[in-house]
Amino acid sequence: MVSEQPVLVLRDVSIAYDSPAGPVQAVSHVNLELMPNTIVGLIGESGSGKSTLATGIMRLLRGGAHLTHGEILIKGQNVYDMDAKTLRKFRWEAMSMVFQSAMTVLNPVMTVEQQMVDVFLAHRPGMSKAEALQKSYALLDLVRIARKHGKSYPHELSGGMKQRIVIAIALALDPALVIMDEPTTALDVVVQRSILEQIQDLQQERHFAVLFISHDFSLVAELASRVAIMYAGRFVEVTESGGLTVSDQDHHPYTQGLMRAIPRLTHEDVVIEGIPGHPPDLVTLPTGCAYHPRCPYAVPLCTVERPEPRDWQGRLIACHRFDPQKAGEFSHVS
Amino acid sequence: MSLEPLAAAPLVTVEHLVVRFPLRGGRQFIRPVDDVSFTIGSGEVLALVGESGSGKTTIGRTLLRILEPSFGRISVAGTDVSHIKGRELTAYRRQAQMIFQDPFASLNPVKTVENHLVFPIRKHQGGNKESVDQLIDDLLERVGLTPVNETRKKFPHELSGGQRQRLAIARALAVQPQFLVADEPISMLDVSIRAGILQLLGQLKRDFHLSFLYVTHDLASARYFGDRIMVLYAGKIMESAPSRDLIRNPLHPYTKLLLAATPGSSTRHRLPEKDNQPPDLSEARVGCPFAPRCLSATTECTNSMPPMTVVAPERSVACYHPDALISVKPLP
Ligand SMILES: Nc1ncnc2c1ncn2[C@@H]1O[C@H](COP(=O)(O)OP(=O)(O)O)[C@@H](O)[C@H]1O
Ligand SMILES: Nc1ncnc2c1ncn2[C@@H]1O[C@H](COP(=O)(O)OP(=O)(O)O)[C@@H](O)[C@H]1O
Ligand SMILES: [Mg+2]
Ligand SMILES: [Mg+2]
């Protein structure tokens, strides 16, 4: 049975990097719930804090980053309250992560099957080597890689095969949550698509939840059921992905901007437009709403007061335009 | 400015182009470009699409004569440039310029913005300090690097990714070329920035009647910017068609596969392929390079390469079994 408890809960999560100039807030007050057997997408431009959040959930923060606020619960348990032993068990068994570069995970001097066997032996002390090998082969079958490639070293395999193996390893111990940080960004579209199909197939079998991180708007809109849109460390919108296929006014101005900025295969006569300016540097964040220097709707209020996310027709949107009490400020802009 | 009639002589004509590289050991060769022929009209954008390793960059570099063709012929504005050298080559490079994927790598970190432009401008048209200064201002204005007085003194590391690509474009324009090879010019940029660069390229095409070879792995941007799309697989052209027609009604099985895999194509069914082995580029291969992955392949396909066949005005395809041929709609 699939339990109806959320697999992942982010409650007001903030993460900062220590720097000589003071803390750099890479993730700010983020909230999210992820149910079993679902895919939630996380979209944002580079530097918006996606990977920091992902490694924060795994409690794998590096480079002076630490959780400064909030709670991260996996299957109801607080990841940051665990002792080292529980945490080690929790990683891989309850939650696992697929990184953009397969080589972050794969060891170049070990064969694929040795690495897979090691994962089993490390987490299943009673298991025999022969049994671990059998399980490794079953995993290769699962991601449709011929068993003979078990004897290969990573460099002997194509990028797509390596990424499939990383996904297989992430699924080895049947985790409830898999975080995928741009897992297909470096791959060709056909390989990307076949890997995504496979993730969906595997999910039908095993009911894990996926947090899927990408900067590819069309891809996430297609794959995920819900999507969080991140800008300068904050979720500016969390929405059902169905609404993202047509551009409309009922989105955060940044979401609207992104939707207008991408050429789409089937939208023949639509002229695309870039968003003016560029994503901000977290060290010198604009005051008020961080998006205001790029926003076509911005009014003086936006430069001084940061909008909080609020519910709007089933979406969470952090924008004063969507706040009935502030809407008057915008009456003169279209 | 009036549009050239379609029948006007193309600016770029490529005939049976082959580029071969020796494999380690030097006895065997790969052919990442294998008997490729196409034309690019004046003021036309030809989008070249294919997966990584299919030979797109090699075609672009050969067109600009950074590489020399092994066989075949390239002519630009009526001149055969296939094997030119020395002064002729230098002169040709003024007609044809390249914009690279990584703007940062193509810029000099210790040179200011204006110093990236002074040299090409001087070399191209000489001129006194005032006129060079004026041209720099015009170029920066043109590519949207404003306010001009501020940007002139900046170094590449002080620019954002999009601004760096704009500088690279300004530098390419400084010699007033007729023809640009843009090799994945937006794929390293942030999503919100890409549209602006594509818009800029489109504007330049219209204002200067520039021709483009637009190299990309993304069919959606190829459809958007390209007048025509040419699909490359393992160094061979599989299909070539006006952009709209190629997306609406793809003929080649590989084009269909690419389309089905592209996000936003709204295909819900399984990918139409039987294997996903990377292609064989070796010179010794026979048959259609896509045959091992193709659902329609027959022994004919594994025995010989289907010839490029014109199937409708401006449409050609290299396939023995383009099953959708029957449904080819006349061009509007
Ligand atoms: N080691 C570090 N030290 C200080 N700041 C960092 C470090 N790594 C990342 N950051 C900051 O965190 C922000 C978010 O980075 P990241 O999570 O990698 O973004 P994304 O994955 O969305 O591209 C970056 O804009 C950067 O300013
Ligand atoms: N100078 C070179 N020497 C040897 N092989 C090369 C050289 N340049 C490219 N190749 C090979 O040619 C093939 C096509 O490469 P490329 O033109 O860069 O493809 P694409 O741009 O479509 O990704 C690849 O297999 C690449 O390794
Ligand atoms: Mg990242
Ligand atoms: Mg290339």
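Relative to its Kirkwood radius, the Cα radius of gyration of segment B:185-227 gives an Rg/Rh of 0.94. When the listed pairs A:129/A:162; B:123/B:205; A:50/A:75; A:75/A:326 are checked against a 29 Å cut-off, the alpha-carbon distance exceeds it for A:75/A:326.
Determine the sum of side-chain charges near residue A:67: Lys and Arg each +1, Asp and Glu each -1, restricted to other residues whose C-beta is under 14 angstrom from that of residue A:67.
-1
Calculate the length of the line joining the C-alpha centroid of segment B:284-315 to that of segment A:273-319, in whole Å. Each part's Cα centre sits 52 Å from the other's. Buried surface between chains B and A: roughly 3200 Å² of accessible area, summed over both sides, computed with a 1.4 Å probe on protein heavy atoms only.
Taking the charge dipole of segment A:8-231 about its Cα centre, with +1 at Lys and Arg Cβ atoms and -1 at Asp and Glu Cβ atoms, the residue from A:56, A:169, A:34 reaching farthest to the positive side is A:169. When A:181, A:269 are compared by accessible surface with a 1.4 Å probe, the order from highest to lowest is A:269, A:181.
Accessible surface ranking for B:270, B:87, B:73, 1.4 angstrom probe, highest first: B:87, B:270, B:73. Within the same chain, lysines fewer than 8 places from residue B:129 are excluded, and of the rest, those with a Cα less than 24 Å from its Cα are B:111, B:153, B:154. Scaled to the globular estimate 2.2 N^0.38 Å, the Cα spread of chain A, given as radius of gyration, is 1.06. I need the fraction of alpha carbon pairs in segment A:251-330 separated by more than 16 Å, rounded to a whole percent. Of all Cα-Cα distances in segment A:251-330, 57 percent exceed 16 Å. Restricting the calculation to Cα atoms, every distinct pair contributes to the Kirkwood radius of chain B, found to be 21.1 Å.
In this structure residue B:217 has an accessible area near 80 Å², from a 1.4 Å probe over the protein heavy atoms.
Suppose the chain between residue A:109 and residue A:281 were pulled fully straight at 0.36 nm per residue; how much longer would it get relative to their current alpha carbon spacing?
In short, 58.1 nm is gained.
Using only side-chain charges placed at the Cβ, +1 for Lys and Arg and -1 for Asp and Glu, the dipole size of chain A relative to its Cα centre rounds to 1000 debye. Near residue B:156, once Lys and Arg are set to +1 and Asp and Glu to -1 for all other residues with Cβ below 10 Å from its Cβ, the sum equals +2.
A simple charge model with +1 on the Cβ of Lys and Arg, -1 on the Cβ of Asp and Glu and nothing else charged puts the dipole of segment A:251-330 at about 80 debye relative to its Cα centre. Across the protein assembly as shown, how large is the tail of the calculated P(r) beyond 34 Å, expressed as a percent of all Cα pairs? Looking at the protein assembly as shown, the distances longer than 34 Å represent 51 percent of pairs. Carbon-plus-sulfur accessible fraction, the protein assembly as shown (probe radius 1.4 Å, protein heavy atoms only): 53%. Accessible-area rank, largest first, for B:154, A:148: A:148, B:154, with all protein chains present and a 1.4 angstrom probe. Per residue, the accessible area of the protein assembly as shown comes to 44 Å², computed with a 1.4 Å probe over protein heavy atoms only.
Mind jotting down the distance between the C-alpha centroids of segment B:31-58 and segment A:189-221, whole Å? Using only Cα atoms to place each centre, the spacing works out to 31 Å.
The alpha carbon centroids of segment A:30-95 and segment B:198-246 are separated by 42 Å. In segment B:42-58, comparing the full protein assembly with the chain on its own, the residues that lose 20 Å² or more of accessible surface at a 1.4 Å probe are B:51, B:52.
The values are calculated or read from the model by the stated rules, or taken from the named source; none is laboratory data. Everything quoted here is computed from the prediction, not taken from an experiment. A quick note on method: Cβ atoms are made from the backbone with ideal geometry, for glycine too, and the neighbour counts reach across all protein chains shown. Quick note on the areas: whole protein, heavy atoms, side chains included, nothing else; ligands and nucleic acids left out. Shrake-Rupley method; radii C 1.70, N 1.55, O 1.52, S 1.80 Å.
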